[in-house]
Amino acid sequence: MSVERVGVAGAGTMGAGIAQLACLAGFETRLHDPDPAALERGHGRLRADLSRGAARGRWSEREAAEAEARLAAAPSLDELHGCELVVEASPEDLELKRALFARLEAVCGEHAVLATNTSSLSVSAIAAGVEHPDRVCGMHFFNPPALMQLVEVVAGERSAARALASVEEVAVRMGRTPVRCSDSPGFIVNRCNRPFTLESLRMLDEDIASHAEIDHVVREDGGYRMGPFELMDLIGIDVNLEVARSFYRQRPEPRWEPHPIQERMVASGKLGRKTGCGFYGHTDEADGPSARATAPPDPVRRAVLERLVCALVNEGCFAVGEKVASCEDIDRAMKLGLNHPRGPFEWGRELGPDRVLATLEALGARVGEERYRPAPLLERWALDPGAAPPET
């Protein structure tokens, strides 16, 4: 089905950003929000961003004017009638989304595709509130949509092939890279990045290295743009903790268990940049993350990076084994969605899956915990390290 008209339900930061991509890509775009003030703010911000982008040379003034002409504010949900695709970008509340999708199904034409931008809720659970769940799928953009290239296209239990294909086609016309995945906790990126902070917290708790030393190793040796503790301070330690709790509620995997360090810091009000204090101080430049720590000794540097990378490889192997996505798509998603220097399977090939397996088994034997249980796919891969990772 060809899509020419795109509706966006929700005019917050994500919704306005998605609408911007749509109108710039040539789609007739209707932006809706039930709150008139929120709609006015979102519509105004979008128009300002179009002008600002033209001033910075990201597109021409003519392209900005044409995009704005294709954009319309839709105070009533009924005005989304006729849109072949509607992307929902409302708050992360399951019942709210179910009610909205039921209304969208009644308003939009019978062939319209209804996509959710959820990052944490089950697409299948959202689709359970509509009469025809085959038209519902996930279309997860990353923040800010104008800069982040990845779109996770999420297949719910009953998502039709035509719905997924339509969403992928729209993403490509928007200049994004769609990566298809199944409906599971965190989809690809948020799920496969679980070890980045959790394993770093465990190393800190075990006095393997200080938080600043771990960040230094991850940046300087691993090639990541930010270390895990810098990242937690940036997004908010409370936010990071709630994400960890959400994963653990959905599936109590030992390797996903929130760490007590997070709990203690949130309880004491040390939330990161927004409170001026987290793992780093943020009131004095000399005390912030920009103050680089002295590099730890070489054995520590190797141990920190290898342990973190091995945990990432293992999580990727679990995800492929559960048919969340392919090895190639997981690598692509982690680089595009998080700016990781390598995906987990690229890391696995560099280290060698047999070495990854040996590292995890040694950690499991030393710590005596289930969280270092190797993924079955990793165990099979380690039997033939020179081969591509098995995907079945």
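Here, each number is a calculation from the coordinates, and none is a lab measurement. Owing to the predicted nature of the structure, the values given are computational and were not obtained by experimental measurement. Neighbour counts are summed over all protein chains in view; Cβ atoms, including those assigned to glycine, are modelled from backbone coordinates with ideal geometry.
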On the formula 1/(1 + (r/R0)^6), with r taken between the Cβ atoms of W59 and E242 and R0 of 51 Å, the FRET efficiency rounded to 0.05 is 0.90
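Over all directions, the average projected area of the alpha-carbon convex hull for segment 55-133 comes to how many nm²?
6.7
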extent check for segment 296-392: Cα max minus min per principal axis, descending, whole Å, gives 34, 27, 25
TM-like helix rule applied to the chain (DSSP H, alpha carbon span at least 15 Å on the long axis, mean Kyte-Doolittle at least -1.0) gives 13-24, 36-55, 94-107, 161-173, 194-205, 237-250, 298-321, 327-338, 353-367
The aspartates and glutamates whose Cα lies under 18 Å from the Cα of K270, excluding any fewer than 8 residues away in the same chain, are D205, E230, D233, D238, E242, D284, E285, D287
Note on segment 188-392: the mean projected area of its alpha-carbon convex hull, in nm², is 11.0
Between R162 and N339, the FRET efficiency computed from the C-beta separation at R0 = 41 Å comes out, to the nearest 0.05, as 0.80
Site E4, offset 7 angstrom along Cα→Cβ, radius 14 Å on amide nitrogen, limited to segment 82-124, gives 82-85
Among the Cα-Cα pairs of segment 5-183, the proportion with separation greater than 30 Å, in percent, is 10
The ratio Rg/Rh over the Cα atoms of the chain, Rh being the Kirkwood inverse mean 1/r radius, stands at 0.99
Residue span A37 to R264: 0.36 nm per residue of separation minus Cα-Cα distance leaves a gain in nm of 77.9 nm
Pseudo-spin-label distance A295 to E220, built 7 Å along Cα→Cβ, given in nm, is 0.5
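Between A388 and R302, what is 0.36 nm times their sequence separation minus the Cα-Cα distance? Round to one decimal in nm.
Gain on extension, A388 to R302, equals 28.5 nm.
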Two pseudo-spin positions, 7 Å from Cα along C-beta at R103 and at T13, lie apart in nanometres by 2.4
Ranking G321, F345, V356 by how far each Cα lies towards the positive end of the charge dipole of the chain (+1 on Lys and Arg Cβ, -1 on Asp and Glu Cβ), the top one is F345
With R₀ set to 35 angstrom, the calculated FRET efficiency between the beta-carbons of E370 and K274, to the nearest 0.05, is 0.55
Taking 0.36 nm per residue of separation between E79 and I235 and subtracting their Cα-Cα distance, the length gained on full extension comes to 52.6 nm
